Amino acid sequence: MTNTSTGTVQRAFRIVEALAHEPEGIALADLAGEIGLPKSACHRLLAELTAIGYVRQLRDRGEYVLTSKLPAVGLAFLGGAGIVDIAQPIIDRLAEVSGELVRLAIVDGDRLTFVAKAQGARSGLRYDPDMGIDVRLSCSAGGHAWLMTLSDERATELVARQGFGPAKEFGPKAPTTFRALMKVLEEDRKRGYAMIVEQYAPGMTAMAAPVTRRGATGAIGVITIAGPLIRLTPQRMLELGQPLVAAAAELGLSGATSPIFRLQAAR
C-alpha cells in the first residue's frame, strides 16, 4: 500500500470515529475543522463513505451521520466470535446479584474495548456510559484490572501511549502520575481485583476483575461493575468481590470456545 492510500484510509477512519460521537449529525465545515482536514478532502471522503453505505446525509439539514452498517459489521463480528453468546448469561447473573451495570471488555492488541453489558439497576440512578469506546486505562477499573496482570514496564508503556488525558474530563481522584498509578495497581494485585472511587467520574465507583486463560500473557478481557457512589460504596464493592472474581473465572473457562479469546490466549 502506498503512503497516499494509507493516508486516505487513516483520514476516512478519522471521519468515521468522529461521526460515531455525532448521532444527530454534523455539518461538513464542523467535521472538517474537528478532524483537521480541508473541507474539499473531507467532502470527497464523505462522498466515498456514502457511496459504500457507511455514511448518509440528512436531507433536511445536510449534516452527515453514520448509517447502521458499521454497527452491523461489528455485531456480525462479535456474533461470529461467540463472545456475546458466551458472556451474556454470566453478565446477566452478576448484574442481578450486584444490582448495578456490568460490562465485559476485551483486550484487542493495545486496546481495551467494551463489547457486552447488562443493567442490574431497577430504579434510581443508572450509570451507563457509551459502549464500544476504548477504555481509559489510567483511571478506570477495567483499565486497572488489565494493567494489574502486566509487568509495571508494560503497564507504563500502554498508559504512556494512551496518555492520562485532561484532568477535567475525569474524576477528582484519578491518578495523574505513574507513581500514583503503580501504587493503585499494587493494591489491586493484593486484593485480586480493581476498585476505583471517583477516579473515572465524580460521584461514581467501579470495580473490575481480569479474565485470564492459561498460557495468555496478561488478561484477555475484564468484567466490571459500575454505579453511583451513594449506592456502590467501598464496603459494597468488597462484598461483591467474590461474585465478581467468580464471574471472571467462569468467563475465562467458557471463553475457550470463542475464537477471539483463543487468539488472545495464544499471544
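The values are calculated or read from the model by the stated rules, or taken from the named source; none is laboratory data. Because the structure is a prediction, the values reported are computed rather than measured. Backbone-built Cβ (ideal geometry, glycine too); neighbour counts: all protein chains shown.
Reported count of residues in the stretch 45-63, each being surrounded by 15 or more Cβ atoms within 10 Å (Cβ to Cβ) and not aliphatic (A, V, I, L, M), is 3.
Considering ALA105, ALA81, the condition of being modelled with pLDDT of 70 or more, buried (at least 16 other Cβ atoms within 10 Å of the Cβ) and under 30 Å from ILE15 (Cβ atoms) is satisfied by ALA105 alone.
The residues of the stretch 108-122 that are in a strand (DSSP E or B) and surrounded by 19 or more Cβ atoms within 10 Å (Cβ to Cβ), listed by number, are LEU112, PHE114, VAL115, ALA116, LYS117, ALA118. Of the set (1) of a type in the set (A, V, I, L, M, F, W, C); (2) part of a helix (DSSP H, G or I); (3) under 20 Å from ALA180 (Cα atoms), all apply to ALA206 but (2). Taking ALA32, is it assigned to a helix (DSSP H, G or I), of a type in the set (A, V, I, L, M), without any contact (Cβ under 8 Å) to a residue 12 or more places away in the chain and crowded, with 16+ Cβ neighbours inside 10 Å? Answer is yes for this residue. Among the residues of the stretch 164-179, are any assigned to a helix (DSSP H, G or I) and either modelled with pLDDT of 90 or more or in contact with a Phe, Trp or Tyr (Cβ under 7 Å, 6 or more places away or on another chain) (or both)? Yes, there is a match, as at least one residue in the stretch 164-179 is assigned to a helix (DSSP H, G or I) and either modelled with pLDDT of 90 or more or in contact with a Phe, Trp or Tyr (Cβ under 7 Å, 6 or more places away or on another chain) (or both).
In summary, TYR200 fulfils each of the numbered conditions (1) modelled with pLDDT of 95 or more; (2) within 18 Å of the chain's Cα centre (by Cα); (3) among the hydroxyl-bearing types (Ser, Thr, Tyr) with the single exception of condition (1).
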